[in-house]
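Notes for the one structure printed next.
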C-alpha cells in the first residue's frame, strides 16, 4: 500500500522539497503516491528520481493533477 502525499496548491520547489523530506524518514521499499497540480512537477520529479536513484514507477495525469508513484531505494 502506497503512502499518499498531497501537494496540490504548492508551487515549485515545494513539492520536491517535501518529497525529499518524506523520503528521508522512509524505509527502503516504501512506496509513495505523490499528487501535485504544479505544471513543473513532472520534469522536476523525473529529474529528482534520476538524481537520487529512487525508482519512478510511473506518472499519470488526471486533468491538471500529476500523480507520481515512487519507491524508496
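None of the figures in this text is laboratory data; all of them are computed from the coordinates on show. No experiment lies behind these values; they were computed from the predicted model shown. With ideal geometry, Cβ positions are generated from the backbone for all residues, glycine too; neighbour counts draw on all protein chains shown.
The strands (runs of 3 or more DSSP E) found wholly in the chain and carrying at least 3 residues that are free of Cβ contacts under 8 Å to residues at least 12 places away in the same chain occupy 56-62.
Looking at 27, 22, 68, 47, just one residue is loosely packed, with under 13 Cβ neighbours inside 10 Å and either touching a strand residue (DSSP E or B) at 6+ places or on another chain (Cβ under 8 Å) or under 16 Å from residue 1 (Cβ atoms) (or both), and that residue is 27.
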